[in-house]
Amino acid sequence: MALINTKEMFKKAYEGGYSIGAFNISNLEQLQGVLEACKEKKSAVIIQASKSAINYAGINTLVALVKAASDEIGVDCALHLDHGPNFEMAKKCIDAGFTSVMIDGSHLDYEENVAITKQVVEYAHKFNVSVEAELGVLAGTEDDVTSDVHKYTDPEQAVDFVNRTGVDSLAIAIGTSHGAFKFKGEAKLRFDILEEIQSKLPGFPIVLHGASAVDQKAVATCNEFGGDIAGAKGVPVEMLRKASSMAVCKINMDTDLRLCMTAALRKFLAENPTVFDPRKYIGAGRDAIQAVVESKIEDVLGSANSL
Ligand code: G3H
Ligand code: 13P
Ligand code: ZN
């Protein structure tokens, strides 16, 4: 088994009308839950880690862990830097063995975003590493950066950006946002923007961030067993499936995995007050992640049998 870049998986996903799930991890059990699900469903997958996840786990530990688990479980996967904040971080991940990196210059001035993305692409491509960039701003918080409003991606600018940077995939803003509180009223995505980008950049892989569905049962379980999460709302599954059948080839999900793991741990600990073996309660979290990822592969991504 090997860590692979995203080139082939995106090509197959685009042609097949499905998406690859990109799941954020920062520990062993999250990783194992995701990979076991992908093995079960024979699905291609991207394991991703943010700067804060890398700080938490340690970059070399993370790379070794992902390589070893991919080997042991028997699933090839890409290891991707999520929301890389600068060239130095992207370089550090490439040098450590990541096979894909995101350089997120979406909060910068347009020309600065072009320049930093180009710089990362030039370095990454020497090592056969894929690069994702972002154009447009999602409402909510991405690592340390917070925005109150969406700044939808401009399709004309997307074409210029892709041509000038040579980037391999592009994250766009069409109304999704990070975290568990995505919509105050009705959920709405700008499919017209996605369609226009697809028609101007045929065959080019688009990425959707902030794509957790925020399962109300997981939220209810958290709250039933001592949590306090009010007003959580995610992206409806039908919308994600529709995006997957279009130019979207990568769908990022973190919040759903956090919620299901937290729900499982809270429930397990509340129902088993005498247990203090971490393998038991964290293991319950791992099983929950596996179940959620299997359902994402079937209901959201359509990526079963893509390995
Ligand atoms: O887009 C943000 C991801 O959910 C990563 O979040 O920076 O808390 O690891 P994090
Ligand atoms: P969610 O918060 O919707 O899971 O999005 C995660 C994400 O986009 C990571 O980059
Ligand atoms: Zn994101």
Please enumerate the residues belonging to region 20-37 that are aliphatic (A, V, I, L, M) and more than 16 Å from the chain's Cα centre (by Cα). 28
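Quick one: count up the residues across region 251-272 that are away from ligand 1 (no atom under 16 Å from the Cβ) and in a helix (DSSP H, G or I).
Within region 251-272, the subset away from ligand 1 (no atom under 16 Å from the Cβ) is 263-272.
Filter again for in a helix (DSSP H, G or I), leaving 263-271.
Qualifying residue count, region 251-272: 9.
Quick one: is residue 16 surrounded by fewer than 20 Cβ atoms within 10 Å (Cβ to Cβ), among the small types (Gly, Ala, Ser) and within 16 Å of ligand 1 (Cβ to nearest atom)? Before you say what the answer is, go through the steps one by one.
Working: surrounded by fewer than 20 Cβ atoms within 10 Å (Cβ to Cβ): yes; among the small types (Gly, Ala, Ser): yes; within 16 Å of ligand 1 (Cβ to nearest atom): no.
For residue 16, the condition - surrounded by fewer than 20 Cβ atoms within 10 Å (Cβ to Cβ), among the small types (Gly, Ala, Ser) and within 16 Å of ligand 1 (Cβ to nearest atom) - is not met.
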Just wondering, is there one or more residues in region 284-295 that are within 30 Å of residue 194 (Cβ to Cβ) and free of Cβ contacts under 8 Å to residues at least 24 places away in the same chain? yes
If I ask for residues that are in contact with a Lys or Arg (Cβ under 6 Å, 6 or more places away or on another chain) and of a type outside the set (Lys, Arg), which ones from region 228-256 would you list? 234
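Residues are listed down the side, and each one gets a yes or a no for (1) free of Cβ contacts under 8 Å to residues at least 40 places away in the same chain; (2) away from ligand 3 (no atom under 14 Å from the Cβ); (3) under 19 Å from residue 82 (Cα atoms); (4) of a type in the set (Gly, Ala, Ser):
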| site | (1), (2), (3), (4) |
| --- | --- |
| 177 | yes, no, yes, yes |
| 185 | yes, yes, no, yes |
| 191 | no, yes, no, no |
| 195 | no, yes, no, no |
| 199 | yes, yes, no, yes |
| 204 | no, yes, no, no |
| 207 | no, no, yes, no |
| 210 | no, no, yes, yes |
| 214 | no, yes, no, no |
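Do we find that residue 200 is surrounded by fewer than 20 Cβ atoms within 10 Å (Cβ to Cβ), at pLDDT 95 or above, under 22 Å from residue 167 (Cα atoms) and basic (Lys, Arg) in this structure? Before you say what the answer is, go through the steps one by one.
Details: surrounded by fewer than 20 Cβ atoms within 10 Å (Cβ to Cβ): yes; at pLDDT 95 or above: yes; under 22 Å from residue 167 (Cα atoms): yes; basic (Lys, Arg): yes.
Criteria met by residue 200.
Could you check how many residues of region 202-239 are hydroxyl-bearing (Ser, Thr, Tyr) and within 20 Å of the chain's Cα centre (by Cα)? Before you say what the answer is, go through the steps one by one.
Step one: filter region 202-239 for residues hydroxyl-bearing (Ser, Thr, Tyr), giving 212, 221.
Retained after the next criterion (residues that are within 20 Å of the chain's Cα centre (by Cα)): 212.
Number satisfying all stated conditions: 1.
For the subset of region 56-107 comprising residues that are acidic (Asp, Glu) and in contact with a strand residue (DSSP E or B) (Cβ under 8 Å, 6 or more places away or on another chain), which member is nearest to ligand 1 (Cβ to nearest atom)?
Our first condition is that a residue be acidic (Asp, Glu); within region 56-107, this holds for 71-72, 76, 82, 88, 95, 104.
When the remaining residues are screened for being in contact with a strand residue (DSSP E or B) (Cβ under 8 Å, 6 or more places away or on another chain), the result is 76, 82, 104.
On the way: 76: 23, 82: 6, 104: 9 Å.
Among residues in region 56-107 that are acidic (Asp, Glu) and in contact with a strand residue (DSSP E or B) (Cβ under 8 Å, 6 or more places away or on another chain), the one nearest to ligand 1 (Cβ to nearest atom) is 82.
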Considering residues that are surrounded by 18 or more Cβ atoms within 10 Å (Cβ to Cβ), in a helix (DSSP H, G or I) and within 15 Å of the chain's Cα centre (by Cα), the number found within region 39-53 is 2
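Just for strands (runs of 3 or more DSSP E) wholly inside region 101-149: which have at least 3 residues that are touching a helix residue (DSSP H, G or I) at 6+ places or on another chain (Cβ under 6 Å) and modelled with pLDDT of 95 or more? Before the answer, list the steps.
Details: elements: 130-135, 140-142, 145-147.
Of the strands (runs of 3 or more DSSP E) lying wholly inside region 101-149, those with at least 3 residues that are touching a helix residue (DSSP H, G or I) at 6+ places or on another chain (Cβ under 6 Å) and modelled with pLDDT of 95 or more span 130-135.
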All-but-one check, residue 53 against (1) of a type outside the set (Val, Ile, Thr); (2) more than 15 Å from ligand 1 (Cβ to nearest atom); (3) touching a Leu at 6+ places or on another chain (Cβ under 9 Å); (4) farther than 24 Å from residue 246 by Cβ, failing number (2)
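Have a look at 159, 120, 137 and point out the one that is more than 16 Å from ligand 1 (Cβ to nearest atom) and farther than 19 Å from residue 246 by Cβ. Before you say what the answer is, go through the steps one by one.
Working: 159 fails: farther than 19 Å from residue 246 by Cβ; 137 fails: more than 16 Å from ligand 1 (Cβ to nearest atom).
The conditions single out 120.
Taking the condition over 30 Å from residue 126 (Cα atoms) and basic (Lys, Arg), does residue 200 pass?
Working: over 30 Å from residue 126 (Cα atoms): no; basic (Lys, Arg): yes.
Taking the combined requirement at face value, the residue does not satisfy it.
Yes or no: region 75-97 includes at least one residue that is of a type in the set (Val, Ile, Thr), part of a strand (DSSP E or B), touching a helix residue (DSSP H, G or I) at 6+ places or on another chain (Cβ under 8 Å) and buried (at least 22 other Cβ atoms within 10 Å of the Cβ).
Narrowing region 75-97 to residues of a type in the set (Val, Ile, Thr): 75, 94.
Then drop every residue that is not part of a strand (DSSP E or B), which leaves none.
There is no residue in region 75-97 that is of a type in the set (Val, Ile, Thr), part of a strand (DSSP E or B), touching a helix residue (DSSP H, G or I) at 6+ places or on another chain (Cβ under 8 Å) and buried (at least 22 other Cβ atoms within 10 Å of the Cβ).
The values are calculated or read from the model by the stated rules, or taken from the named source; none is laboratory data. These figures come from a predicted structure and were not determined experimentally. Glycine gets a Cβ as well: all are built from the backbone with ideal geometry, and neighbour counts include every protein chain shown.
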